[in-house]
1. Taking the chain as a Gaussian network, Cα atoms linked when under 10 Å apart, which of S319, S225, S279 shows the biggest mean-square fluctuation?
2. If you average the sequence gap of Cα pairs under 8 Å that are 6 or more apart and divide by the length of the chain, what percent do you get for the contact order?
3. Give me the Kirkwood hydrodynamic radius of segment 220-268, using the inverse of the mean 1/r over all pairs of distinct Cα atoms, in Å to one decimal.
4. For the chain, which DSSP H helices look membrane-span-like by this rule: Cα extent along the axis of 18 Å or more and mean Kyte-Doolittle of at least -0.5?
5. What does the convex hull of the Cα atoms come to per residue for segment 345-397, in Å³?
6. Work the Kirkwood hydrodynamic radius out for segment 269-402: mean of 1/r over every pair of different alpha-carbon atoms, inverted, in Å.
7. What ranking do H334, H92, H399 get, fewest neighbouring Cβ atoms within 10 angstrom at the top?
8. Would you grab the residues whose amide H sits under 5 Å from the one on A343? Only those 5+ places off in sequence or on another chain, please, with H modelled 1.01 Å from N.
Amino acid sequence: MRIAFAIPAALLALALAGCEEPAPPAPPRSMILGLDGCDWRNALPLVRQGKLPTVEALWRAGARGTMLTNPDYRWSPVLWTSIATGKLPQEHGVTSFMAQVEGMDRWIPTPSTERKVRALWNMFTEKDRSVGFVGWWVTWPAEPVKGFMVTDHFSVSRFDLGNDYERERESVFSEQETWPPELGQQIAALKVPRQRIGREDYARFVNLPADWQWPEHFRKFDKASEFAIAHSVDRTHSGAGQRLLRDVEPDLFGVFLQGIDIMQHYYWEYLDPSQAFWSPSDAEVREYGEAIERYYGWIDGVVADLVEAGGDRAVLIVSDHGFRPADDRYEDKHISGEHRRQAVWLFAGPGARRDVIVPETDAVDVTPTILAYHGLPVAHDFDGDPVLDVMTPEWQAAHPVEWIATWETSPLARRELPGSSNARDLEERIRALGYIE
Ligand SMILES: [Zn+2]
């Protein structure tokens, strides 16, 4: 029998008072906070300095470790799909930022229709548990789920190349950007386009000289422009996530936040000039040297807001990869930070073991772990395993792992891919980040 941890005792007593039969225990609840590129190498010193109070509290309350991701696949859409499916790329089918799909005359950002296997949101839906995901990679077009799906195309700036906002809104990528379809209109006001980010927002992260001008137009490889895009995406995802967490209260919630990755790509040289491939001036180090730390601090506040909005539920913080100083490969783009395998993993909340270090885990372990936590079946054909060490013996006893051969016993329900009109802009945007030639 499951324990009714999610319901405060007083409420439970009220609920039971008028009933002859006891109410069934509430199903477990959890949330996955996906922090692209988050690395203990940068986060831990800040925890020790008291600059990440939320992460520190979760750190002390839970189990944590370093997650190693597949060195052959260091790209975010590939890794985030492994995290959400428990499968390696050769199994889940998402192998790049871009895909050539039937019916399109050119490459487009990899759509959800390319994924060959079930993701967490499909598995939960099939077991009548509710889910809600916001901004997760490779979720557009939105799949039908029990709960909600806010796809990676909901944030208008995600793949922006300085296009006109109004024009972008009419693009094909705003079709099927949410499930249910009408949700997109209901939360449209929570979209923060890049154009709404300005000098005042930037000044929270860098020390601007008095005569510094906010760039009027988006510029490729310009660190202020890149900040504006990433920050608008994060503001959109955190705003929509908090609102929907409170309104819908899904059993499993997941959100993707991009900014830590982008800041480490463009501001690493100022954080650690000694290891940078080129030498920033002293003035630049004064102006931009705290940008990465302050962004981690801002994200810590977002984590606090989401944890509060989520109520009594387990919290899993994961990243898809870590970061290191870049080499000359990115010199022409002036990108000074580059991905490395070491990602973060932190699990806290009801049923989580306290103050435990979990030996190295892998991205493909996330899905089996979440399923096991929720008492849902774990499949033998996953490429990862449930990390049961993060859960207390009591929790494990109350939720014994049910093993099945596979979740893939029937075809996956699909939606049609809308026709594409501005896929080329998105391709350019991804090219600008240096991932494709
Ligand atoms: Zn990156």
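A short reminder: the numbers here are calculations on the coordinates, not readings from a lab. Every value quoted in this text rests on a predicted model; they were computed, and no experiment measured them. Note: ideal-geometry Cβ built from the backbone for every residue, glycine included; neighbour counts use all protein chains shown.
1. Sorting by GNM fluctuation, first place goes to S279.
2. On the way: 893 pairs, mean separation 119.8, N = 437.
27 percent.
3. Values: mean 1/r = 0.0836 Å⁻¹.
This gives a value of 12.0 Å.
4. Details: long enough: 223-248 (36 Å, -0.43); 291-310 (28 Å, 0.38).
Helices meeting the span and hydropathy rule in the chain are 223-248, 291-310.
5. Details: hull volume 4.1 nm³, N = 53.
Spread over its residues, the Cα hull of segment 345-397 gives 77 Å³ apiece.
6. So the Kirkwood estimate lands at 17.8 Å.
7. On the way: H334 15, H92 23, H399 19.
Final ranking by Cβ density, sparse to dense: H334, H399, H92.
8. M67, L68, T69, G322
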